[in-house]
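The values are calculated or read from the model by the stated rules, or taken from the named source; none is laboratory data. What you are looking at is a predicted structure, and each value in this text was computed from that prediction instead of being measured. Note that we place each Cβ from the backbone using ideal geometry, even for glycine, and neighbour counts take in every protein chain shown.
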Amino acid sequence: MIPGFSQRRRFSDLTEQEILALAISSEEDDARIYRSYAEELRGDYPDSAKIFENMATEEDRHRNRLIEIHRRRFGDVIPLIRREHVSGYYARRPVWLVQNLGIERIREEAEMMERDAHDFYIKAAKRTSDADTRKLLGDLAAAEAGHTAAAENLTGTHVGEDVAEAEARTSHRQFVLTWVQPGLAGLMDGSVSTLAPIFATAFATQDTSTTFLVGLAASIGAGISMGFTEAASDDGEISGRGSPLKRGVASGVMTAVGGLGHALPYLIPHFWTATIIAMIVVFLELWAIAWIQKKYMDTPFLRAAFQVVLGGALVFAAGVLIGSS
C-alpha cells in the first residue's frame with residue numbers, strides 16, 4: 001500500500017527529552033534480552049552466561065545514569081516512548097527467534113545489538129545542546145563499543161579474530177538490511193498478492209491477452225506502491241538499513257518481478273498451456289521465497305515453506321474460485 005505517512009515519529013523530530021526517554025526504554029529492553037540469553041546459556045555455557053549477566057547489569061547502570069540526567073533536566077515524569085514509536089529506529093529480534101539457534105547465533109545478535117546502540121548514542125549526542133547530556137551520551141557510545149568487543153569473544157573461539165572477517169560480517173549484514181530484506185518483502189508481496197487478480201481474470205475470461213494486461217498492471221502498480229512504501233517508511237539514519245532509495249528500488253523491482261513471473265506465461269495464446277506454465281512458475285516462486293528466508297533470515301526451511309506455500313495456495317484458490325463463479 002502507498003502510505004499515508006507513518007504514524008511513527010521520525011528521529012529527527014524528537015525533542016531532547018524524548019531522545020532521553022527513548023534511550024531509557026531501550027536500555028531497559030536490552031537488559032531484559034541479555035538476561036534471557038544468560039538464562040538460556042546457563043546450563044551449557046556458564047561462562048558466557050556470566051558475561052551476559054554482566055552486560056545486563058551494565059545496561060541497568062546506563063539506564064540509571066540516563067534517568068538521573070532526565071530528572072535533573074526535565075523532572076521525574078519520563079515520556080512513554082519506545083522503539084516501535086520511532087520511524088527507522090533499530091529493532092530487536094524477539095528472543096525466541098534467536099535463543100534456539102545456538103551460542104554462535106546469540107553472539108552475533110549481541111554484537112549487532114551493541115553496534116546499533118553505539119550508533120544511536122553517537123547520533124543522539126549530536127542532537128543535544130546540554131554539555132552534561134552530550135558527555136553522557138558520548139560515554140555510553142564508548143561503553144557500547146566495549147560491549148561489542150565482549151560479545152565478539154563470547155565463544156572463546158574468536159579471540160584475535162581477523163579484522164577483515166569482522167568487516168565482512170558487517171558488510172554482509174548491511175547487504176541483508178539494504179537489499180535482501182526489502183527485496184524479499186517485495187517478492188513475497190508481488191508473488192502472493194497478484195495471484196488472485198491474475199488467476200481470477202484468467203478463469204473468468206479464458207482470454208490470455210486480457211489476463212496478461214491485468215497481470216502487468218497489477219505487478220507494476222504493486223511494485224510502485226511497495227517501492228514508495230519502503231522508501232518512505234525509514235530514512236535509514238537510526239536503523240542503519242541504508243539508503244531509502246536503494247531499499248525502495250529493491251522492494252519495488254522484486255514486487256514487480258514476483259507478479260510478472262506468473263503474468264508473462266499469458267503471452268502464450270493457448271489458455272491451458274499458459275495457465276499450466278503460470279502455475280509451475282508460482283510453485284517455483286514460493287519455494288524460492290522459502291529458500292531465501294532460510295538462507296538470510298534464519299527461518300527453518302520447512303516452516304518457511306509451509307507458511308509461504310500455504311498462504312500462496314489459499315490466495316491462488318480464492319482467485320480460481322472467484323474467476324470460475
For this session: Considering every residue within region 12-23, establish whether at least one is touching a residue at least 40 places away in the same chain (Cβ under 8 Å), within 17 Å of ALA125 (Cα to Cα) and either basic (Lys, Arg) or not in a helix (DSSP H, G or I) (or both).
Result: yes
Seminar exercise, completed: Only one of ALA278, ALA304, ALA263, ALA250 is at pLDDT below 90 and of a type in the set (A, V, I, L, M), namely ALA304
Exercise. What residue, among those in region 198-211 that are closer than 29 Å to GLN293 by Cα and either among the aromatic types (Phe, Trp, Tyr) or surrounded by 22 or more Cβ atoms within 10 Å (Cβ to Cβ) (or both), is nearest to the chain's Cα centre (by Cα)?
Worked result: ILE198
For this session: Please identify the pairs in which a residue from region 171-189 that is without any contact (Cβ under 8 Å) to a residue 40 or more places away in the chain and within 15 Å of GLU111 (Cβ to Cβ) has its Cβ atom under 7 Å from the Cβ atom of a residue that is surrounded by 16 or more Cβ atoms within 10 Å (Cβ to Cβ) and polar (S, T, N, Q), counting only partners at least 6 apart or on another chain.
Result: none
For this session: Please tell me if VAL214 is within 20 Å of GLY323 (Cα to Cα) and buried (at least 17 other Cβ atoms within 10 Å of the Cβ).
Result: yes
Problem set entry | Top-ranked residue in region 123-134 [being in a helix (DSSP H, G or I) and among the small types (Gly, Ala, Ser); ranked as farthest from the chain's Cα centre (by Cα)] | ALA131
Exercise. Quick check, is ALA232 at pLDDT below 85, over 28 Å from ARG105 (Cα atoms), in a helix (DSSP H, G or I) and out of contact with any His (no Cβ under 9 Å at 6 or more places or on another chain)?
Worked result: yes
For this session: Please name all residue pairs, on different chains or six or more residues apart, with Cβ atoms under 7 Å, provided the first residue is in region 74-88 and is in contact (Cβ under 8 Å) with a residue 60 or more places away in the chain and the second residue is of a type in the set (Gly, Ala, Ser) and part of a loop (DSSP other than H, G, I, E, B).
Result: ARG83/ALA91; SER87/SER6; GLY88/GLY236; GLY88/SER239
Exercise. Which of (1) in contact (Cβ under 8 Å) with a residue 60 or more places away in the chain; (2) buried (at least 16 other Cβ atoms within 10 Å of the Cβ); (3) of a type outside the set (S, T, N, Q) is the odd one out, the single condition PRO244 does not satisfy?
Worked result: (1)
For this session: Look at region 268-325 and say how many of its residues are aromatic (Phe, Trp, Tyr), surrounded by 15 or more Cβ atoms within 10 Å (Cβ to Cβ) and under 16 Å from PHE203 (Cβ atoms).
Result: 2
Exercise. Is it the case that some residue within region 306-322 is among the small types (Gly, Ala, Ser), in the same structural domain as ILE198 (by TED's automatic domain parsing) and more than 20 Å from ALA218 (Cβ to Cβ)?
Worked result: no
For this session: Could you list all residues from region 67-122 that are at pLDDT below 70 and outside any loop (DSSP other than H, G, I, E, B)?
Result: VAL95, TRP96, LEU97, GLN99, ASN100, LEU101
